[in-house]
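FYI, it's all coordinate maths here, none of it is from the lab. Remember, predicted model here, so these are calculated numbers, not experimental data. Note: ideal-geometry Cβ built from the backbone for every residue, glycine included; neighbour counts use all protein chains shown.
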């Protein structure tokens, strides 16, 4: 599919995409600026970064499901606009160099608003594009997100060095304002008429969990996502340690590895969007898990710069297959009234897996070193592959039953 033609023909998705493009660029510029600000501003920078990370994780774990419930109960476009405008005002507070306790609260509040925005964003896509174009739409999002990640981190470092933190924070704040403006141009009428209630998000979350528990494809996919990010989180944790401490290479080599992963994520997302329309979504997830397992086993078998490069490349391809396959599959099989709740659960699952991997990695590395934990992570992903295969078989069985019912 021609991405340019797709964007030009689909006005509503074009404005949604533009909102993601500008706000994501601001987010990554601000991420670099915030990290460098914490390191330079506070004497105990390690502890300060830990508090910032903890505040982000707690916000996602506790408010991710609630944000998903609200995305199913209220007008999704309005929720995204409210989240963007609120983040605009909150980000402006960073211009005043707040103390650590205030900075932690600001980051916590910003991530609560992200929990409101993200499920609504992914849940509204199937309402703006035809089902046959979902993979293409998600592919465009994937290419954009990965491109902006590479560009934003580069611009953020240059901007901080050249003109200071405040300009980076101001750019991020203005990006939220511009994102809200793009969203306002989307022609979207929601049928949801629910009135606001403090208890309603909790009630809707509980009801949504009860419905999702009855759906084997959702439960299997959640298990696959958790397993994938548990192993992937450990890889993310040890990759810079291997490059700097095990191999003794300069910091720039870590940037090279990240750039390789990001570049292949962009390329793979583009190719899948253009040529992968007919590939079954569970098969994309299977390929993703298999490539990740191979990468970790290879790196654990022999640690050198060549295997680091190969692993980084395989992880980039794996991430694209997994991300596109998972999101598109979830959008296709989930009823509209549950879609926000499903995507509201995914972020807490991912973040809890990554947190367990990071804390577990600190313990495991002391006793086993790098090799065996990496091998075990790869073997674990091969086991997760069987879950992904079960998902594909269940999906095929359901399709066959549907065809038989239609024929009857």
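Only Cα pairs within less than 10 Å get springs; with that Gaussian network setup on the chain, which residue of 221, 159, 330 has the largest fluctuation? Sorting by GNM fluctuation, first place goes to 159.
Legend: calculated FRET efficiency, residue 92 to residue 130, from the Cβ-Cβ distance at R0 = 45 Å, rounded to 0.05, equals 0.70.
Out of 162, 259, 136, any idea which swings most in a Gaussian network model of the chain, alpha carbons joined below 10 Å? Of 162, 259, 136, the Gaussian network model singles out 162 as fluctuating most. Along the Cα-to-Cβ line of residue 47, 7 Å from the Cα, sits a label point; which residues in the stretch 96-118 have backbone N less than 16 Å from it? Output list for this probe position: 99-104. Of the candidates 294, 333, 124, which one comes out as most mobile in a Gaussian network treatment of the chain with C-alpha springs shorter than 10 Å? Evaluated over the chain, the most mobile residue of the options is 333.
Exposure proxy for 275, 253: other Cβ atoms within 10 Å of each Cβ, ordered fewest to most, give 275, 253.
With the Cα gyration tensor of the stretch 19-90 giving a ≥ b ≥ c as the square roots of its eigenvalues, does the rule (a/c under 1.5 for rounded; else a/b larger than b/c for prolate; else oblate) give rounded, prolate or oblate? In terms of gyration-tensor shape, oblate. Inter-label distance, residue 382 to residue 362: 3.1 nm, where each label sits 7 Å from its Cα along the C-beta direction. Considering helices alone, the calculated mean residue ellipticity of the chain at 222 nm is -30000 deg cm²/dmol, with DSSP H runs of length four and up weighted by -39500 (n - 2.57) and normalised per residue.
If the chain linking residue 310 and residue 249 were pulled fully straight, counting 0.36 nm for each residue of separation and taking away their Cα-Cα distance, it would gain 20.3 nm. Taking each residue as 0.36 nm, the span from residue 209 to residue 170 lengthens on full extension beyond its C-alpha to C-alpha distance by 10.2 nm. Averaging Cα coordinates gives a centre for the stretch 121-190 and one for the stretch 342-357; these two points are 21 Å apart. Of the peptides 361-367, 70-76, the order by per-residue mean of other Cβ atoms within 10 Å, starting with the highest, comes out as 70-76, 361-367. Residue separation of residue 11 and residue 31 scaled by 0.36 nm, minus their Cα-Cα distance, works out to 4.2 nm of gained length.
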